[in-house]
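The values are calculated or read from the model by the stated rules, or taken from the named source; none is laboratory data. All values reported here derive from a predicted model rather than from experimental measurement. Quick reminder, even Gly has a Cβ in these numbers, built from the backbone with ideal geometry, and neighbours come from all protein chains shown. Side chains are part of the model used for accessible areas, which takes the heavy atoms of the whole protein and leaves out ligands, DNA and RNA. Shrake-Rupley method; radii C 1.70, N 1.55, O 1.52, S 1.80 Å.
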Amino acid sequence: MIHRNETPAAVYIHIPFCTNKCHYCDFNSYVLKGQPVMDYLDALEREMEQTVQLVPPQQIETIFVGGGTPTVLLPDQMESFLQRVRTYFPNQSAELEFSMEANPGTTDKEKLQAMKEGGVNRISFGVQSFDNALLEGIGRIHNTDDVYRSIENARSVGFTNMSIDLMFGLPNQTVTVMNDTLDKALALGLKHYSIYGLKVEEHTLFHSLYQKNQLPLPDEDEEVEMFLLIMKRLKQAGYEQYEISNFAKQGYESRHNSMYWLNRSYYGLGAGAHGYMYGKRHVNIKGVQPYIDSTLNGLPLLEQYEISEQDAMEDFMMVGLRMLCGVKRSDFSKQFGKELEDVFGDQLVRLTERKLLEPTEDGYRLSEHGLLLGNEVFGEFVSLIVD
């Protein structure tokens, strides 16, 4: 089973600090004020050092720094952080994709320069909407002027590979408002757009409002209409939808996220980070200080568990079918030494008959109808066997 023994070629690093907490966010993030940032970077370095001793890296193809908001680091902190990444992952592919998430308004030229010099070559801005009232309503601290300024700054220091995240299904959002946001987003002519539907997650302000019936969400039909509009507009503008929520100009697909969708191994570093190596998944300790303290005595693991072959095969289907090219028999047999139909024949027949999946030359992909009902499709591959 090739991928279960594969040394990761992808690195995920988590910077958990934010300027403020958005109303919908359930990520492992903490408001920056008063946080021990340099202590955290030192702890990250200890984790990197211990990790690469255990699993020495070969050539690294993708690095992704997420959060939180990594761009809340000051320019000198950013420089120090990126220097450490280069020290522990020195063998980088000539085609390395090095992405960092950024919030509009936290990226002045000096910081962007530090990012560029430190090896970052792709930026993903969390824009969410081009409607200022909506932005305020979801707890974002930036406005559309910040978006334009941040992208202009990034271009001026030489960044050409940029993406923005947008959201649909937000409180008080209408199809008209969504269309206007798409006009403004597409006018920027970026290489990549990620567009996600809102999920109301537990332990968020939105969840408590939702429970009190105080969250004016669009109805289901309107949400579907927004998604159909998004797909249509991006296709017309020459972007390929290569994954349910992701659209790119040819050659600019997120190679790092594709590692997840192909069920490949990756290093996961930082507070609350997830990693997947040699058939084992791990989750790190989440709190900032507990994470820092635990790196003094070994790896900061919260839990680590072996993925059974059955779970790995199910994961392969659930993440692989998110990509519009679908899953391939050849990849499946290479990873598991088994035939796709022998393992999931019943589900594949059922979903094909229901017109949610369609056969391809070497496997299966979501149909147009299946795209709208992705979770229903993925649910078919979750085994309900209780040990």
Checklist outcome for this item: With the 1.4 Å probe rolled over protein heavy atoms, the range 179-338 has an accessible area per residue in Å² of 47 Å²
Checklist entry - Based solely on its DSSP helices, what 222 nm [θ] is calculated for the chain when runs of n ≥ 4 H residues each add -39,500 (n - 2.57) and the sum is averaged over all residues, nearest 500 deg cm²/dmol? => result -12000 deg cm²/dmol
Checklist outcome for this item: Quick calc, the range 1-83, dipole around Cα centre from Cβ unit charges on Lys, Arg (+) and Asp, Glu (-), nearest 20 debye, gives 280 debye
Next on the checklist: Could you tell me which residue out of ALA312, TYR364, LEU340 lies farthest along the dipole of the range 305-387 toward its positive end? Charges go on the beta carbon: Lys and Arg +1, Asp and Glu -1, centred on the Cα centre.
Outcome noted: TYR364
Item to check | Karplus 3J(HN,Hα) series, Hz, for the range 373-381 with 6.51 cos²θ - 1.76 cosθ + 1.60 (x for Gly, Pro) | outcome: 10, x, 4, 5, 5, 4, x, 5, 9
Item to check | Protection proxy ranking, peptides 187-200, 13-26, average beta carbon neighbours within 10 Å, highest first | outcome: 13-26, 187-200
Checklist entry - Taking H as built 1.01 Å from N, whose amide H comes closer than 5 Å to the amide H of GLY67, not counting residues under 5 places away? => result ILE15
Checklist entry - Between the range 177-224 and the range 149-175, what is the C-alpha centre distance in whole Å? => result 14 Å
Next on the checklist: I need to check one value: relative contact order of the range 236-350, counting alpha carbon pairs closer than 8 Å and at least 6 residues apart, in percent.
Outcome noted: 20 percent
Next on the checklist: What's the ranking of 61-70, 292-301 by average number of surrounding C-beta atoms within 10 Å, highest first?
Outcome noted: 61-70, 292-301
Checklist entry - Under a point-charge model restricted to the Cβ atoms of Lys and Arg (+1) and Asp and Glu (-1), what is the dipole moment magnitude of the range 194-286 relative to its Cα centre, in debye to the nearest 20? => result 640 debye
Checklist entry - Which percent of the accessible area of the range 266-387 is formed by carbon and sulfur heavy atoms (probe 1.4 angstrom)? => result 50 percent
Next on the checklist: At a 10 angstrom cut-off on C-beta neighbours, averaged per residue, how do the peptides 337-343, 204-210 rank from highest to lowest?
Outcome noted: 204-210, 337-343
Next on the checklist: I need the fraction of alpha carbon pairs in the range 169-311 separated by more than 18 Å, rounded to a whole percent.
Outcome noted: 70 percent
Next on the checklist: Need one number for the range 24-79: average projected area of the convex hull over its C-alpha atoms, nm².
Outcome noted: 5.4 nm²
Checklist outcome for this item: A convex hull over the alpha carbons of the range 275-387 yields, per residue, a volume in Å³ of 140 Å³
Next on the checklist: Once you order the gyration tensor axes a ≥ b ≥ c over the Cα atoms, which shape class does the range 90-132 get: rounded for a/c under 1.5, otherwise prolate or oblate by comparing a/b with b/c?
Outcome noted: oblate
Checklist entry - Relative to a virtual label point 7 Å from the Cα of LYS338 in the Cα→beta-carbon direction, which members of the range 281-323 show backbone nitrogen distances below 15 Å? => result 307-318
Checklist entry - Does the range 35-112 come out rounded, prolate or oblate by the C-alpha gyration tensor, with a ≥ b ≥ c the root eigenvalues, rounded set by a/c under 1.5 and, if not, prolate when a/b is larger than b/c and oblate if not? => result oblate
Checklist outcome for this item: Residues whose modelled amide H sits under 5 Å from the amide H of SER124, counting only those 5 or more places away in sequence or on another chain, are MET100, GLU101, ALA102, SER163
Checklist entry - Residue by residue, what Karplus-based ³J(HN,Hα) values in Hz, rounded to whole numbers, does the range 348-359 have, using 6.51, -1.76 and 1.60 with θ = phi - 60° and x for Gly and Pro? => result 5, 5, 4, 6, 6, 5, 7, 6, 9, 10, 9, x
Next on the checklist: Per residue of the range 226-232, what does 6.51 cos²θ - 1.76 cosθ + 1.60 with θ = phi - 60° give for ³J(HN,Hα)? Whole Hz please, x for Gly and Pro, Karplus curve as stated.
Outcome noted: 4, 5, 5, 4, 4, 4, 5
Checklist entry - Out of [x] 57, 52, 44; [y] 64, 57, 40; [z] 61, 50, 40, which label holds the value of Cα extents along the principal axes in Å that was computed here? => result [x]
Checklist entry - Shape call for the range 43-196 from the C-alpha gyration tensor, a ≥ b ≥ c root eigenvalues: rounded (a/c under 1.5), prolate (a/b greater than b/c) or oblate? => result prolate
